[in-house]
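*Asks:* Quick one: the structure is below, questions incoming.
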Amino acid sequence: MENHAIACLDKEKKIHSLTNTYQGKPYNSPNDIVISKDGSIYFTDPPYGLKEQVLNQSVFQNVGGLYRYHKGEVKLLSTGMRYPNGICFSPGEQFFV
C-alpha cells in the first residue's frame, strides 16, 4: 500500500487500514507480520522502505520497533533491536523472536 500501514483485504477485495500511526506519527516501514491464535497482529517496523533506509525521526517513528495490534489498540513491545527484521512464534506461542 506504500502508506506505512498494517492493512487487510476483505471478501470484496477492498483494502482496510487497521493501523498506520503510533502516538501520532506514521510507522517507518511495517515489514514482517505474524498473527497469534487470539488474533493479535505482531509486526516489525524497520526503516527499510524509507529513503536511504535510515530512520527519519522528524516524520516517522524514532525507533525500529516491534509492535502488537489487538482489538484496535497498538502497543510498542520492544525498541531493543536497531532495525528489526523477521518475527515468528515458538510452538505454543509462548515466545516470539
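*Asks:* What percent do you get for the relative contact order of the chain when only Cα pairs under 8 Å and 6+ apart count?
*Replies:* Details: 190 pairs, mean separation 20.9, N = 97.
Over the chain, the number comes to 22 percent.
*Asks:* Taking amide H atoms as placed 1.01 Å from N in the peptide plane, list the residues 5 or more away in sequence, or in a different chain, whose amide H sits under 5 Å from that of A7.
*Replies:* L18
*Asks:* Using a Förster distance of 35 Å, how high is the FRET efficiency between V34 and Q57, based on the Cβ-Cβ distance and rounded to 0.05? All intermediate terms of the calculation are to be shown ahead of the outcome.
*Replies:* Working: r = 27 Å, r/R0 = 0.76.
That pair, V34 with Q57, gives E of 0.85.
*Asks:* Using a 1.4 angstrom probe, figure out how much accessible area the chain has per residue, in square angstrom, rounded to the nearest whole. Spell out each step's value before the answer.
*Replies:* On the way: 6400 Å² over 97 residues.
Result: 66 Å² of accessible area for each residue.
*Asks:* Pairs K25/K75; K11/K37; K11/K75; K13/K71; K14/K71; K11/K51: which are spaced more than 24 Å apart, C-alpha to C-alpha? It would help to have the intermediate numbers written out before the result.
*Replies:* Working: K25/K75 14 Å; K11/K37 21 Å; K11/K75 28 Å; K13/K71 21 Å; K14/K71 20 Å; K11/K51 34 Å.
The answer is K11/K75; K11/K51.
*Asks:* Can you find, among G39, G64, N85, the residue sitting farthest towards the positive end of the charge dipole of the chain, where Lys and Arg contribute +1 and Asp and Glu -1 at Cβ?
*Replies:* Working it through, the farthest residue towards the positive pole turns out to be G39.
*Asks:* Under 5 Å between amide H atoms, partner at least 5 residues away or on a different chain: which partners does I33 have, H built in plane at 1.01 Å?
*Replies:* HN-HN under 5 Å from I33: empty list.
*Asks:* For a quick check: with amide H placed at 1.01 Å from N, whose amide H comes under 5 Å from G65's, ignoring anything fewer than 5 positions away on the same chain?
*Replies:* When sequence neighbours closer than 5 places are left aside, the close amide H contacts are D45.
*Asks:* Another question, then. To the nearest 20 Debye, how big is the dipole of the chain about its Cα centre, given +1 on the beta carbon of each Lys and Arg and -1 on that of each Asp and Glu? Kindly include the intermediate steps, with their values, before the conclusion.
*Replies:* Working: 10 positive and 9 negative charges, 23 e Å.
Magnitude of the dipole: close to 100 debye.
*Asks:* Still on this structure, I have one more. Checking the a/c ratio against 1.5 first, then a/b against b/c, what shape does the Cα gyration tensor give for the chain? Could the numbers behind the result be given before it?
*Replies:* On the way: a/c = 1.79, a/b = 1.15, b/c = 1.55.
Since a/c reaches 1.5 but b/c is at least a/b, the shape of the chain is classed as oblate.
*Asks:* Report in % the part of the accessible area of the range 1-88 that belongs to carbon and sulfur, leaving out ligands and nucleic acids; probe 1.4 Å.
*Replies:* 47
The values are calculated or read from the model by the stated rules, or taken from the named source; none is laboratory data. The structure displayed is predicted, hence computed values, not measured ones. Cβ coordinates were reconstructed from backbone atoms using ideal geometry, including for glycine residues, and neighbour counts include every protein chain displayed. These area figures cover heavy atoms from the full protein model, side chains too; ligands, DNA and RNA do not enter into them. Shrake-Rupley method; radii C 1.70, N 1.55, O 1.52, S 1.80 Å.
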